[in-house]
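Comments concern the structure below.
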2 protein chains.
Amino acid sequence: MADLVYQQVITDLNKRIMANEFADKKLPDERSLSEQYQVSRSSIKRALNVLANQGLIFKKRGSGTFINPLYLKNQSSFKYEGTNLGITDSLNTEGAQPSIQLLDFQVIPASQELQQDLFLAPDEFVYEIKRLRLLDDQPFMIEVGYIPIKLVPELNRQVVSKSIFTYVQESLKSAVTKSFLSISADASTAEDQKLLGLKPTEPVGVMSGIFFLDDGTPFEVSNMRLHYKYMKYTTFVSTEQ
Amino acid sequence: MADLVYQQVITDLNKRIMANEFADKKLPDERSLSEQYQVSRSSIKRALNVLANQGLIFKKRGSGTFINPLYLKNQSSFKYEGTNLGITDSLNTEGAQPSIQLLDFQVIPASQELQQDLFLAPDEFVYEIKRLRLLDDQPFMIEVGYIPIKLVPELNRQVVSKSIFTYVQESLKSAVTKSFLSISADASTAEDQKLLGLKPTEPVGVMSGIFFLDDGTPFEVSNMRLHYKYMKYTTFVSTEQ
DNA sequence: AAGTGGTCTAGACCACTAC
DNA sequence: TAGTGGTCTAGACCACTTA
């Protein structure tokens, strides 16, 4: 994983930045870094691009590369965070103990919408997995997931009570690294209120996603309803290509 | 803007994909594309990487590059969309007429938090701009923005009643292309209900952002409260570096 | 074994900033 | 004018998939 040249540079620069080695908020120029690390300038550029896309540094043509002082400030609280790594299972627990309560688990025919999203023929089946996620025994999210049975024919209640993605990574040797995500808000339903302990006036955050395997196969459609105090999706956005 | 080689390739490939030229969902291999476009393979790779980060294609080592059939499906409705271009002013209006109603406009001392986020000294001032945004005369968003006066000393009610970012781009010759965004949900306050026409049980979507100029200068802190039916932030997420 | 995408290099030249 | 990041090239070699 980290034996690639540009990834080593990323890791090391990250460390140096966090250690406040560049007190003037300015990084050495690319040609010097190329010398320092004994790698080509292209590799340095690639590493710097990754850091820039994360919002950690800004590059300014003609003057240099600068650290974003706001980057550090941005680690707030004990919330459920999507962040740029925004995958369901990447929970920012910060000490709290995450757990899963399986509410329902069955196999059903794929609806028309699921057929579209998961590339299924009309007669194919999916698992419907309804789970309640908790942090320190406090419920914060209701998650309903749909997975084609043909992708993981051997799924069972045991597996499904833990992290499915971890299981997939081990059994299929294919990680879930990409997704379409949609984030919105909604009034809470009676079920939301009951399961998440909400008052009738309190809302839920809604996150829906289609998750893909490495090779582009749509793996899961997931609809999540979160206690509003636990939903906080943070991201760094850049409009450049 | 679009005279760069890799951007031309992006534009053209986009066109060809949308025109369904690759009916088998497979793109030509990189070396062939390099031939076709008469550019280096590196430039092809750069273009393909951009398209892959947008979720339009998947690359699979050893077998080829494939179009994501779900990409097209994803243009839903008349909602306010953040998307990857997620800047306040990039409104997906889809025919609806956007307008702005200025609610309040004054100059105040920067709070401690604003000093941190906008890099201000304790005695510096900011504009506080409170606006109501509408689509076809239907209010959908309350926006409170804070901008250091020193960055745009000549701001006035006239300017502020339109798009500030457009104004900045013209007057400072620096675009607002990067931001930290945080998305969450909240119960509606009495003011939300009044301004956005919400019932007491209906929630708001909350988006907060720090917007940066090209050179990394924090330009604006913005807190937005949206009618929940109009907030839908969609994005493609990839965990790879 | 052949084909495909991934990594990495060395170097030329351009565009912008600062002095 | 010197220094900085941006673009682009040509080519070597590696890692993985498919047959």
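Read the figures in this text as sums done on the coordinates, not as results from a lab. All figures in this text were calculated on a predicted structure; none of them were measured in a lab. Don't worry about glycine lacking a Cβ; one is built from the backbone with ideal geometry, like all the others, and counts go over all protein chains shown.
Charged side chains reduced to their Cβ positions (Lys and Arg at +1, Asp and Glu at -1) give region A:5-72 a dipole of some 240 debye around its Cα centre. Listed by Cβ neighbour count within 10 Å, with the fewest neighbours leading, A:LYS232, B:LYS130, A:LYS15 appear as A:LYS15, B:LYS130, A:LYS232. Scaling against 2.2 N^0.38 Å puts the C-alpha radius of gyration of chain B at 1.21.
List the aspartates and glutamates whose alpha-carbon lies under 15 Å from that of A:LYS60, not counting same-chain residues fewer than 8 positions away? Straight-line reach from A:LYS60, under 15 Å: A:ASP29, A:GLU30, A:GLU240, B:ASP214, B:ASP215.
Scanning residues 5 or more positions from B:LYS232 or on other chains, those with amide H under 5 Å from its amide H are B:TYR80, B:GLY82, with H placed 1.01 Å from N in the peptide plane. Under 5 Å from the amide H of A:MET141 lie the amide H atoms of A:ARG133, A:HIS227, each residue being 5 or more positions distant or on a separate chain, with H modelled from the backbone and absent for Pro and chain starts.
Computed 3J(HN,Hα) for region B:220-235, one whole-Hz value per residue from the Karplus formula 6.51 cos²θ - 1.76 cosθ + 1.60 where θ = phi - 60°, is 8, 9, 10, 10, 10, 10, 10, 3, 4, 6, 9, 8, 8, 9, 10, 7, glycine and proline marked x.
Loop exposure criterion: GluC sites (Glu not before Pro), DSSP state outside H, G, I, E and B, at most 11 other Cβ atoms within 10 Å. Applied to chain B, the longest stretch between such sites is B:155-239.
Does region B:170-241 classify as rounded, prolate or oblate by the C-alpha gyration tensor (a ≥ b ≥ c root eigenvalues; a/c under 1.5 gives rounded; else a/b over b/c gives prolate, otherwise oblate)? Oblate shape, in that a/c is at least 1.5 and b/c is the bigger or equal ratio. Using alpha-carbon positions, what is the distance between the centroids of region B:105-120 and region B:178-241, in Å? Centre-to-centre (Cα) distance: 19 Å. Rg and Dmax of region A:5-72, based on Cα coordinates, read 10.8, 30 Å. Put one equal scatterer on each alpha carbon of the protein assembly as shown, apply the Debye formula with no solvent term, and list log10 I(q)/I(0) at q = 0.06, 0.11, 0.12, 0.13 1/Å to two decimals. With no solvent term, the Cα-only Debye profile gives -0.30, -1.07, -1.28, -1.48. Taking a ≥ b ≥ c as the square roots of the eigenvalues of the alpha carbon gyration tensor, region A:120-171 is oblate, as a/c is not under 1.5 and a/b does not beat b/c. Normalised by the number of residues in chain B, the average gap of Cα pairs under 8 Å and 6 or more apart makes the relative contact order 16 percent. So which residue, out of A:SER32, A:SER222, A:SER163, gets the largest mean-square fluctuation from a GNM of chain A using Cα contacts under 10 Å as springs? Fluctuation is largest for A:SER32. In this structure, the amide hydrogen of A:THR177, modeled 1.01 Å from its nitrogen in the peptide plane, lies closer than 5 angstrom to those of A:PHE212, A:ASP214, counting only residues at least 5 positions away or on a different chain. Angle check, please: helix B:5-18 long axis (alpha carbons) against the longest principal axis of chain B (alpha carbons), in degrees 0 to 90, nearest 10. Once rounded, the angle reads 80 degrees. With respect to chain B, whose longest principal axis is taken over its alpha-carbon atoms, helix B:41-53 is tilted by about 50°.
Couplings 3J(HN,Hα) of region B:155-164, computed from phi: 5, 9, 4, 4, 4, 6, 7, 10, 6, 6 Hz, in residue order, whole Hz [Karplus 6.51 cos²θ - 1.76 cosθ + 1.60, θ = phi - 60°; x for Gly and Pro]. Arranged from fewest to most other beta-carbon atoms within 10 Å of their beta carbon, B:VAL176, A:VAL107 become A:VAL107, B:VAL176. Semi-axes of the equivalent ellipsoid for region A:96-233, computed as √(5λ) from the eigenvalues of its C-alpha gyration tensor and ordered from largest down, come to 26, 17, 15 Å. For region B:195-211, backbone phi angles converted through the Karplus equation (6.51, -1.76, 1.60; θ = phi - 60°) give residue-by-residue couplings of 6, 9, x, 9, 7, x, 7, 8, x, 10, x, 10, 10, 10, x, 10, 9 Hz, Gly and Pro being listed as x. Sorted ascending by nearby beta carbons within 10 Å, beginning with the fewest, B:TYR167, A:TYR6 become B:TYR167, A:TYR6. List the trypsin sites (Lys or Arg not before Pro) within region A:148-224 that DSSP assigns to loop and that have no more than 16 neighbouring Cβ atoms inside 10 Å. Listed in order of number, the matching sites are A:LYS150, A:LYS162, A:LYS173.
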